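Engineer: One structure, as structure tokens, below. Some questions next.
The values are calculated or read from the model by the stated rules, or taken from the named source; none is laboratory data. Only a predicted model underlies this, so the values are computations on that prediction, with no experimental measurement involved. Reconstructed Cβ throughout: ideal geometry from the backbone, glycine too, with neighbour counts over all protein chains shown. Heavy atoms of the whole protein, side chains included, go into the accessibility calculation; ligands, DNA and RNA do not. Shrake-Rupley method; radii C 1.70, N 1.55, O 1.52, S 1.80 Å.
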Amino acid sequence: QVQLVESGGGLVQPGGSLRLSCAASRSIFSMAWYRQAPGKERELVARINTFGTTDYTDSVKGRFTVSRDNYKNTVYLEMNSLKPEDTATYYCNARSSATGTMYWGRGTQVTVSS
């Protein structure tokens, strides 16, 4: 089992920035951020593995940066130039490379509004 605890969400004006953090209870190969807006499906935002290889959905490229601290088992999502369409609940995700099991955090709300 892996427990994931997110923090850092909140209300920000368009063009602003937020930093999300997710602490895992143990080391795990792949960690990611997903988001789900009301009435929409959950979508992958960004992911990173222990080697630092990253992947982003097109809509956040150049604005969001995913990083991780392997010693702290923590993944971060730096979000800049936020837009109203970034408003969603952001979920931390971890995936075991051995079993394929996926773990989820409870989510943190990000609201971009003036």
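Engineer: Scanning segment 19-52 for residues that are among the basic types (K, R) and part of a strand (DSSP E or B), which turns out farthest from the chain's Cα centre (by Cα)?
Structural biologist: Here the answer is R19.
Engineer: Give me a count of the residues in segment 69-107 that are part of a loop (DSSP other than H, G, I, E, B) and over 16 Å from Y56 (Cα atoms).
Structural biologist: Of the residues in segment 69-107, 15 are part of a loop (DSSP other than H, G, I, E, B) and over 16 Å from Y56 (Cα atoms).
Engineer: Could you list all residues from segment 62-99 that are among the aliphatic types (A, V, I, L, M) and either in contact (Cβ under 8 Å) with a residue 40 or more places away in the chain or under 13 Å from F29 (Cα atoms) (or both)?
Structural biologist: Those that are among the aliphatic types (A, V, I, L, M) and either in contact (Cβ under 8 Å) with a residue 40 or more places away in the chain or under 13 Å from F29 (Cα atoms) (or both): V75, L77, M79, L82, A88, A94, A98.
Engineer: Something else now. Filter segment 43-61 for residues that are touching a residue at least 12 places away in the same chain (Cβ under 8 Å) and either buried (at least 16 other Cβ atoms within 10 Å of the Cβ) or not charged (D, E, K, R) (or both) and give the result.
Structural biologist: Listed by number, the residues that qualify are L44, V45, A46, R47, I48, N49, T50, G52, T54, T57, S59, V60.
Engineer: Evaluate the following for G16: is it at positive phi, assigned to a loop (DSSP other than H, G, I, E, B), touching a residue at least 12 places away in the same chain (Cβ under 8 Å) and open to solvent by less than 50 Å² (accessible area, probe 1.4 Å)?
Structural biologist: Criteria not met by G16.
Engineer: Does R26 meet the test of being in contact with a strand residue (DSSP E or B) (Cβ under 6 Å, 6 or more places away or on another chain) and more than 28 Å from S114 (Cβ to Cβ)?
Structural biologist: Considered against the rule, which asks whether it is in contact with a strand residue (DSSP E or B) (Cβ under 6 Å, 6 or more places away or on another chain) and more than 28 Å from S114 (Cβ to Cβ), R26 comes out as no.
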